[in-house]
Every structure is written in C-alpha cells, then in structure tokens.
1. Which order results if E11, E20 are arranged by neighbouring Cβ count within 10 Å, fewest first?
2. Quick one: M10, M142, fewest Cβ neighbours within 10 Å first, how do they rank?
3. Hey, with R₀ at 22 Å, roughly what FRET efficiency would E138 and N2 work out to, going by the Cβ-Cβ distance, to 0.05?
4. Can you give the FRET efficiency for Y57 and E20, using 1/(1 + (r/R0)^6), R0 = 35 Å, r = Cβ-Cβ distance, to the nearest 0.05?
5. Taking K120 as the anchor, which lysines have their alpha carbon closer than 18 Å to its alpha carbon, excluding any fewer than eight residues away along the same chain?
Amino acid sequence: MNTLEFAIQMEKEGRQYYLEQAEKNQDNALNKVFNILADSEKEHEELLLKRLNKEEYTLKEDDSLNDIKSVFHGLKDYEASAIRNTTQLDVYRLAVEIEEKSIDLYKDMLKDADNDNDKKLFEFLLKEENQHLILFDELVKMLTRPEEWVESAEFGLREDY
C-alpha cells in the first residue's frame, strides 16, 4: 500500500468513526456535527481517489465549519453534563488523535510532493484537518476546563513545603 492509498484508508476510517459517533448521538446536537465531519472526510477520500486515478479534481473550500459553529453556538441551551461524561470526552480525545495523525501524514506527503497540483492538494487537506483538530481540541478544553479550574493548585490540596 502506497502513501496515497494509506491516506485514502485513513479518511475512510475517520468517516466511519464519525458516522458511528453520529449514530450514538442521535438524540442531541452532536449528531449533526459528526455527520458534517463524516461528509468532509468522504470528500477528502474522493479527492485522494481522483488523485490516485489521475483524474481531474477541484479543491473547494469547505464551509461546513460554519454549520458546526452554529450547532455549537446552539449548545448553550444543551445540558452540558450530557456531553461531559468520560465516554464522550474519550470520543473527542480520540477524534483529536485521528486528526493529528491525518495532519502528520499530509505534512509528510506535502514535503514529498513533486508537483504543484499535489502540493495544493495536500495543503488543502492539511488546512481542512487542522480545522477539524481545532474543533475537537476546543471541545475537549471547553468540557474539561471546569474540572481543571477546581483541581488547580490555587483551589486544591497542596503539599506543605
């Protein structure tokens, strides 16, 4: 399996993971977020397949993050404890890991790219995956910040010097 085929497989696995999470979150607003991300990963897969098959492709800006931001803006009314439990935090942390692996792969592919079209493709994919990473990273921070604040040295038990 070459690097391009590996990237396609990673996008498929990322999409599958997001679809599974969408299924598990059918009763809340995160269902839409995971479906949007699954669609984005599908678009990445299709771009890479076209590149692999030496077909023409067009890079189009992904405006789905605007949809995601509006969903999170609507989460103010959502019961925070429902998305703060350990299982959900693990889901978001795993999503961070998935996006970080994709970013590392596309950085390597960009470094090895030998033509402008490939460079543009991998820069585009890097930008997209970075946006996904920021989304989940911020979600993890938002959900863990209250715990970290309470457990900080200023408010927690400290050892005597």
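1. The fewest-first ordering by Cβ neighbours comes to E20, E11.
2. M142, M10
3. Rounded to the nearest 0.05, the efficiency is 0.05.
4. Efficiency, rounded to the nearest 0.05: 0.80.
5. Here the lysines satisfying the reach criterion relative to K120 are K50, K54, K60, K107, K111.
Any read-out appearing in this document is the output of simple, stated calculations on the displayed coordinates, not a laboratory observation. What you see is a predicted model, and the numbers here were worked out from it, not measured in a lab. Ideal geometry is used to build each Cβ from the backbone, glycine not excepted, and the neighbour counts take in all protein chains shown.
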